[in-house]
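What follows is a single structure, written as structure tokens, with notes after it.
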Amino acid sequence: MGFVRRPQQGPGLALGTHDRTLVVLTPGATGPVARGHAGMYHVAFGMPSQAEFSRRMLRFIALGLPFSPVDHLMSKALYLSDPDGHGIEIAWETPERFGSFGNDGGGFTMFDAQGRVHSGRERLDVAAELALADGVDPALPLHRDATVAHLHLHVPALEPSLAWFEGLGFARNLLLDHVGMADMGAGGAYTHRLAMNLWAGPGARPAPATSARLLSYRLETSDTATFSSAAAQLTEEPTTGALTGTDPAGVTLNLSLSATQSRKEVAA
């Protein structure tokens, strides 16, 4: 996929760009992702440009990796699965194409910036996307500005999960009870930073320890008020000052104050 190996202390394999670690693969599972459990639905890696998004597509085609190209209007996405069954999304965020959400007889619709109706689940025009690859070699590693763009979770219940993440500073964006899905933003024009669904079944329990699964993830904030408020439902790690807890999906979450903000706090 173009990820490069990163320095890693302890067991596991760190992967990402030349500048940052995006994911750490940890040994220990004896089986693939177990379906029907709470946990990760997919993780999205954000591309910094249309050309880089198209270059990922070109690379996957060259390697014979199957993927599903979907136009979400607010973003373009390539969906695929890793060898253990984890859902992976490659995303290029395009909030400038989005206008508003609509309700068509109880169904979900989207309007683009020109007022035209979209489903938000249309197939991308692969040929048109490939034409935007800008001639860059698809064999080159992942661009250094690639990020973890959003996380989508299977949860046991939507409303308690929304309330729990609101305590960490996330804001509700969509709640689609008829499809069993909701999502939340964290500021900025793009509002899909955290999503959750009931597609593993209401009341879904965490995956067994023997299965491949999301073990933990790390969030970072530069807002001291958000960090202080989150301390009410998370536990402080005495050695690092970071906060930790178990999210509604049964996954360990770590929240830290950005290094720049931490230095300001020490100086104060």
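Laboratory data are not the source of any read-out in this text; all were calculated from the coordinates shown. Model, not experiment: these values are computed from the prediction. For neighbour counting, all protein chains shown are included, and Cβ atoms are generated from backbone atoms with ideal geometry for every residue, glycine included.
Worth pointing out:
- Sorting 42-55, 89-102 by average packing, meaning the other beta carbons within 10 Å per residue, from highest down gives 42-55, 89-102.
- The range 126-174: Rg to Rh, with Rh as the Kirkwood radius over Cα pairs: 1.22
- Hydrodynamic estimate: the Kirkwood radius of the chain over Cα pairs, inserted into Stokes-Einstein at 37 °C and 0.692 mPa s, corresponds to D of 165 µm²/s.
- Helical mean residue ellipticity (222 nm; -39500 (n - 2.57) per DSSP H run of 4+; nearest 500) of the chain: -4500 deg cm²/dmol
- Using bins of 5 Å that start at zero, the share of Cα-Cα pairs per bin across the range 1-151 amounts to 2, 9, 16, 19, 19, 15, 11, 6, 3, 1, 0, in whole %.
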